[in-house]
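A.B. asks: Right, I'll just put the structure down here and ask away after.
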Amino acid sequence: CAPSGSKLNSSWLPSGERARGATFVDMAGAFGSAVGGIMVTAIIGFFGSWRWAFYITGGITVIVAIIYYIWVRDTPEEHPRVSAEELEHIREGEVGQEGAELTAEEKAKLPRIVDYARSTSWWAFWFGRLGWATVWWGLISWTPSYLSRARDFDLAGLGWGTFFMFMMGVVGQLVAGWLADWGRRTFNDYNKVMKALLVGSALGMAVCVAAIPFAPSGMTALFLLSGAVFFTNFGGLYWAIPAWLAPKSQVGTVGSVMNMASSLGGALAPIIMGYAIKAAGGSFTGAFVFLACAAGLYMIGSALINFNRPLAQRRPIA
């Protein structure tokens, strides 16, 4: 889903709107988690079984997929509702046509795997995403247990608590996308704008998650969790990076490989946090310190990306 969204972003939006486009698409994850927290707990409470939550959410997903298949097209050129004026706006400043066959000369200029492998920006981009994903999936996987076991939230409180927390993530996504596109137009220094947003959000993440175990009350802990999710969702800007810094024909591939870092973070975070909690006799302190360290990896990676150059450039092999 996410690499496809990145590819659609590069195909359907002009360069100056892609930060908002990427964060708006990625915002759906936080919005789904917010609404899902309320909906799933209500379904469990009504039917007395968690199975119905899977039946209903799965059914909704199938319906959305059908609508998507009927309405969405790979490129604006294929959609019957796109006017010539809109297409001109989307393609403004671009060279070549989306979906056009590359010439042999153009293919010869595309970066190869070895070019990405020796690019500092590429590895900074990948490990920065890994740090971000570790925090995000750690919060998603352990927050319900933390609020119920360590802060005594009941089922209703848990539903509304997760709703508030992830809605703050929705706000974070929208704020990040607007600031990135506004900063790019205003300061004409894309490198500094993106680094300020990503590094600043990483600092906010680290401070919030490190402070959670020391919160004096459950509500304070919930506000700190919400702050952590708000800053974490600035990381949705990463989905604009392939559209900005990769060749158009490689945007989907670059987004997919970046998403491997997200999947790896999603695999590692709940396991490492689980062992940390078990080793501490049920205390979540070590788990949240681990997330603060992962936020540090996200910060370092984001700081090392050069946003003024492509992620990789074709170079001759010795």
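A.B. asks: Which order do you get for Trp132, Trp137, Trp126, Trp160 if you rank them by accessible area with a 1.4 Å probe, largest at the top?
C.D. replies: So the residues, ranked largest to smallest area, are Trp160, Trp137, Trp126, Trp132.
A.B. asks: Another question, if that's okay. Rounded to the nearest Å, what's the spacing between the alpha carbon centres of the stretch 14-76 and the stretch 164-212? Just the number, please.
C.D. replies: 23
A.B. asks: Ok, one more. Can you bin the stretch 23-152 into rounded, prolate or oblate? Criterion: square roots of the alpha carbon gyration tensor eigenvalues sorted a ≥ b ≥ c, rounded for a/c under 1.5, prolate for a/b above b/c, oblate for the rest.
C.D. replies: Values: a/c = 3.14, a/b = 1.55, b/c = 2.03.
It comes out oblate by the Cα gyration axes.
A.B. asks: To the nearest 20 Debye, how big is the dipole of the chain about its Cα centre, given +1 on the beta carbon of each Lys and Arg and -1 on that of each Asp and Glu?
C.D. replies: Values: 23 positive and 19 negative charges, 183 e Å.
My answer is approximately 880 debye.
A.B. asks: Given the options Ser49, Ser201, Ser33, state which has the largest fluctuation in a GNM of the chain using a 10 Å cut-off (strictly under) for Cα springs.
C.D. replies: Highest fluctuation among the options: Ser49.
A.B. asks: Okay, next question. If you bin the C-alpha pair distances of the chain every 10 Å from 0, what whole percents do you get?
C.D. replies: Histogram of Cα-Cα distances, whole percents per bin: 6, 24, 32, 23, 11, 3, 0.
A.B. asks: Could you check the simple spin-label distance between Thr220 and Ala84, using points 7 Å along Cα→Cβ, in nm with one decimal?
C.D. replies: Computed distance between label sites Thr220 and Ala84 equals 6.5 nm.
A.B. asks: Same structure again: Asp189 to Leu110: FRET efficiency via 1/(1 + (r/R0)^6), r the Cβ-Cβ distance, R0 41 Å, to the nearest 0.05?
C.D. replies: E between Asp189 and Leu110, to the nearest 0.05, is 0.90.
A.B. asks: May I pose another question? Compute the helix-to-body angle for 18-47: its Cα long axis versus the longest principal axis of the chain, expressed 0 to 90° and rounded to tens.
C.D. replies: Computed tilt is about 30 degrees.
A.B. asks: Net charge around Ala287, counting only other residues with Cβ within less than 15 Å of its Cβ (Lys, Arg = +1; Asp, Glu = -1)?
C.D. replies: Spelling it out: positives minus negatives among the neighbours equals +3.
A.B. asks: Quick check on the stretch 221-277: take the gyration tensor over C-alpha atoms, sort the square-rooted eigenvalues as a ≥ b ≥ c, and tell me if it's rounded (a/c under 1.5), prolate or oblate.
C.D. replies: oblate
A.B. asks: Wrap a convex hull around the Cα atoms of the stretch 35-86, take a quarter of its surface area, and give that in square nanometres.
C.D. replies: Values: hull surface 19.9 nm².
Here the figure is 5.0 nm², rounded to one decimal.
A.B. asks: If you don't mind, another one. So for the stretch 149-235, averaging the separation of alpha carbon pairs under 8 Å that are six or more residues apart and normalising by length, what relative contact order in percent results?
C.D. replies: Relative contact order comes out at 47 percent.
A.B. asks: Follow-up. Over the chain, with a Gaussian network built from C-alpha contacts below 10 Å, which listed residue (Gly157, Gly252, Gly296) shows the highest mean-square fluctuation?
C.D. replies: Gly157
A.B. asks: Ok, one more. Which order do His89, His79 take when ranked by solvent-accessible area (1.4 Å probe, heavy atoms of all protein chains), largest first?
C.D. replies: Solvent-accessible surface, decreasing: His89, His79.
A.B. asks: Are there any trypsin sites (Lys or Arg not before Pro) in the stretch 27-90 that are in a DSSP loop and have at most 16 other Cβ atoms within 10 Å? List them by number. Could the numbers behind the result be given before it?
C.D. replies: On the way: sites: Arg51, Arg73, Arg81; in loops: Arg73, Arg81.
Of the trypsin sites (Lys or Arg not before Pro), the ones in loops of the stretch 27-90 whose Cβ has at most 16 other Cβ atoms within 10 Å are Arg73, Arg81.
A.B. asks: How tilted is helix 51-71 with respect to the longest principal axis of the chain? Cα atoms for both, answer in degrees (0 to 90, nearest 10).
C.D. replies: With rounding to tens, the tilt is 20 degrees.
A.B. asks: On to the next question. For the full complex of protein chains and a 1.4 angstrom probe, list Met299, Met27 by accessible area with the highest value first.
C.D. replies: Met299, Met27
A.B. asks: Rounding to the nearest 10 and keeping the result within 0 to 90°, find how far the Cα-based axis of helix 155-187 lies from the longest principal axis of the chain.
C.D. replies: Here the helix axis deviates by roughly 30 degrees.
A.B. asks: Using every Cα-Cα pair within the stretch 185-248, state what percent have a distance larger than 18 Å.
C.D. replies: Summing the P(r) of the stretch 185-248 above 18 Å gives 49 percent of all pairs.
A.B. asks: Evaluate the charge dipole of the stretch 6-101 about its Cα centre and quote only its size in Debye, nearest 20, assuming +1 on the Cβ of each Lys and Arg and -1 on the Cβ of each Asp and Glu.
C.D. replies: 740
A.B. asks: Okay, moving on. Do any of Lys195/Lys248; Lys107/Lys192; Lys107/Lys248 go past 21 Å between their Cα atoms, and which? Present the calculation step by step, with values, prior to reporting the outcome.
C.D. replies: On the way: Lys195/Lys248 23 Å; Lys107/Lys192 31 Å; Lys107/Lys248 12 Å.
Where the Cα-Cα span goes over 21 Å, the pairs concerned are Lys195/Lys248; Lys107/Lys192.
A.B. asks: What does the C-alpha gyration tensor say about the overall shape of the stretch 176-299? Classify as rounded when a/c is under 1.5, otherwise prolate if a/b is larger than b/c, or oblate.
C.D. replies: oblate
A.B. asks: Along the positive direction of the dipole of the chain (beta-carbon charges: Lys, Arg +1; Asp, Glu -1; about the Cα centre), which of Met39, Gln250, Ile272 reaches farthest?
C.D. replies: Selected residue: Ile272.
The values are calculated or read from the model by the stated rules, or taken from the named source; none is laboratory data. Keep in mind that this is a model prediction, so the values were computed, not measured. FYI the Cβ positions are ideal-geometry reconstructions off the backbone, even for glycines, and counts take in every protein chain you see. Just so you know, the surface numbers come from the protein's heavy atoms only, side chains and all, with ligands and any DNA or RNA stripped out. Shrake-Rupley method; radii C 1.70, N 1.55, O 1.52, S 1.80 Å.
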